[in-house]
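Beneath this line is the structure, given in structure tokens, with notes to follow.
The values are calculated or read from the model by the stated rules, or taken from the named source; none is laboratory data. The shown structure was predicted, so the numbers you read here are calculated from the model rather than taken from an experiment. Backbone-built Cβ (ideal geometry, glycine too); neighbour counts: all protein chains shown. Protein only, heavy atoms only, side chains kept; ligands, DNA and RNA dropped before computing areas. Shrake-Rupley method; radii C 1.70, N 1.55, O 1.52, S 1.80 Å.
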Amino acid sequence: MSANPVMIRLDAVAKTFVMHLRGGARLPVVAGVSFEVRGGECVVLGGPSGTGKSSILKMIYGNYRADGGRIDIHGPAGWVDIARAVPRSVLSLRKSTIGYVSQFLRVIPRVGALDVVAASARESGLDETAARTRAASLLDMLNVPERLWSLPPATFSGGEQQRINIARGFAAERPILLLDEPTASLDATNRAAVVGLIEARKRAGAAILGIFHDEDVRDRVADRVIDVAKFAPEAPGR
Amino acid sequence: MIAPADHPLLVAEGLTKHYGPHLGCADVSLEIHEGEVVAVVGESGSGKSTLLGLLSTQLLPNSGSIRYRMRDGEARDLFALGEAERRFLLRTDWGFVHQDARLGLRMGVSAGGNVGERLMAVGWRNYGRIRAEAESWLERVEIARDRIDDRPDTFSGGMRQRLQIAKNMVTRPRLIFMDEPTGGLDVSVQARLLDLIRGFVNDYGLAAVIVTHDLAVARLLSHRIVVMRHGRAIETGLTDQVLDDPREPYTQLLVASILQA
């Protein structure tokens, strides 16, 4: 394990929301978040809901701002502190290095399911034919009926949209993968398919950081669990 | 994919514009890189259209400067350009898509003529080639070939917007300005147009500045967002970051006011 390089390194990361519509109320979410994730391992963020697990993933993806600390990402041109990076370099890292899968699909009007997934595969460098082949095999693996592939997912059921989103997240083979409850509300067959996809990415050397509420999924994929409760802003001893 | 070379296409510094005693836009600075789409959002009267007018040199600022890297690689001060140079830039390297198609098209000239005109302005002379190129661009914006001789005043709102885009794209601009391009269109028509713009931006590596009051349009199309209020750029950053984790009180209000479909 230690032979694999560190891909994600957080050092004293802190996040506080300031809610101006509620009189400037301050809502501290996490503080002192420090950990590393290496290639080839799957680290799971654990702890009750509301402790800031999702916020940590979103800060690593650059979707939320970090108010303090560093979030160093091992990109193709060396380390980048995503907490300070300009938008262009965050976007470039998302293309080359960091994938993010949540349980919610943000649909693009008029684009068919297969095209949505294939576009993601193309971003990571596959040619058109290879991208479509990979997209089709992912949709198949996740049991999305073939009659839906050419249709835009806007009208799909929640579960179908979720599986399109997972296919999209795994279509691009990026070295870092952030998973925000990708298996929530999936049935056992599809949960098993996602576990298979995660294991394959691990074997390929990806650094995976995830949140899973299903205990069976967590037990199967996790190499380590980090208890996020220790990053609570009011935690004793800080 | 590595981010393109680190010198921006356009650098605006301290742009300020007054209309008599009224402030249009105050001290706005902005960089735009090749292939980058920047959305300017805010309510009416926030100064976003003034900013677009200044960036595209259709308005003169009271103070501030804009440097633009020309096709030959040389960065030039736009407000120091001669009128002929500026017009040439506007009809070759730049595009402008207006909310009101009548400002961007000649309504009494055929669709093909509207597109062909821009080619003639850059020296195309062969009628057959101009017509063929116009046809190919009409097709790319999903306007049937047999409408090439029809005038845009016989077109629907969505078609007019697509024709404006074809007219602009025909000279392969590097930077395109759009003022509420989907404003006033039916939702289905709007989706088709957004899809088209998204495709062109990806396929041709276009840089674009899009003024919109619709945050969903900004999220779909833009990489970066500039939130304007009272003539000032109050918050700027990565589009999804500003929309999902807004920092300024006004941006939080704007985001909280979106209707969920």
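Out of all the residues in region B:236-259, which are within 17 Å of A:Leu57 (Cα to Cα) and at the interface with chain A (Cβ under 8 Å from one of its Cβ atoms)?
Within region B:236-259, B:Leu238, B:Asp240, B:Gln241, B:Asp244, B:Asp245 qualify.
Considering every residue within region B:222-232, establish whether at least one is more than 15 Å from the chain's Cα centre (by Cα) and within 12 Å of chain A (Cβ to nearest Cβ). Break it down stepwise before answering.
Pass one, region B:222-232, residues more than 15 Å from the chain's Cα centre (by Cα): B:227-232.
Among the residues that remain, those that are also within 12 Å of chain A (Cβ to nearest Cβ) are: none.
No, there is no match, as no residue in region B:222-232 is more than 15 Å from the chain's Cα centre (by Cα) and within 12 Å of chain A (Cβ to nearest Cβ).
Quick check on region B:45-55. Is at least one of its residues more than 17 Å from the chain's Cα centre (by Cα), farther than 10 Å from B:Leu9 by Cα and in the same structural domain as B:Asp214 (by TED's automatic domain parsing)?
Scanning region B:45-55, I find at least one residue that is more than 17 Å from the chain's Cα centre (by Cα), farther than 10 Å from B:Leu9 by Cα and in the same structural domain as B:Asp214 (by TED's automatic domain parsing), so the answer is yes.
Have a look at A:Val44, A:Val101, A:Val90, A:Val30 and point out the one that is within 23 Å of A:Val195 (Cβ to Cβ), open to solvent by less than 30 Å² (accessible area, probe 1.4 Å) and modelled with pLDDT of 95 or more.
Testing whether each residue is within 23 Å of A:Val195 (Cβ to Cβ), open to solvent by less than 30 Å² (accessible area, probe 1.4 Å) and modelled with pLDDT of 95 or more leaves just A:Val44.
Criterion first (among the aliphatic types (A, V, I, L, M) and closer than 26 Å to A:Leu105 by Cα) does B:Val170 satisfy it?
no
I'd like the full set of residues that are surrounded by fewer than 21 Cβ atoms within 10 Å (Cβ to Cβ), among the basic types (Lys, Arg) and under 23 Å from A:Ser55 (Cβ atoms), limited to region B:202-249.
Selection gives B:Arg219, B:Arg247.
Only residues in region B:53-66 that are under 17 Å from B:Glu83 (Cβ atoms) count as the first member; pair them with residues that are of a type outside the set (A, V, I, L, M, F, W, C) and open to solvent by 40 Å² or more (accessible area, probe 1.4 Å), Cβ under 7 angstrom, at least 6 apart or cross-chain, and list the lot.
Qualifying pairs under 7 Å: B:Thr57/B:Arg86.
Is it the case that region B:175-198 has a residue that's under 30 Å from B:Arg71 (Cβ atoms), more than 14 Å from the chain's Cα centre (by Cα) and more than 10 Å from chain A (Cβ to nearest Cβ)?
No, every residue in region B:175-198 fails to be under 30 Å from B:Arg71 (Cβ atoms), more than 14 Å from the chain's Cα centre (by Cα) and more than 10 Å from chain A (Cβ to nearest Cβ).
Do any residues in region A:207-221 that are assigned to a strand (DSSP E or B) have Cβ atoms under 9 Å from those of residues that are among the hydroxyl-bearing types (Ser, Thr, Tyr), where the two are at least six apart or on different chains, and which pairs are they?
A:Ile211/A:Ser54
Scan region A:78-97 for residues that are small (Gly, Ala, Ser) and either within 11 Å of chain B (Cβ to nearest Cβ) or under 20 Å from B:Arg219 (Cβ atoms) (or both) and report the count.
So the answer is 4.
Report every pair of residues separated by at least 6 positions or lying on different chains whose Cβ atoms are under 9 Å apart, first residue within region A:122-140 and without any contact (Cβ under 8 Å) to a residue 12 or more places away in the chain and in a helix (DSSP H, G or I), second open to solvent by 60 Å² or more (accessible area, probe 1.4 Å) and among the hydrophobic types (A, V, I, L, M, F, W, C).
A:Thr133/A:Leu126
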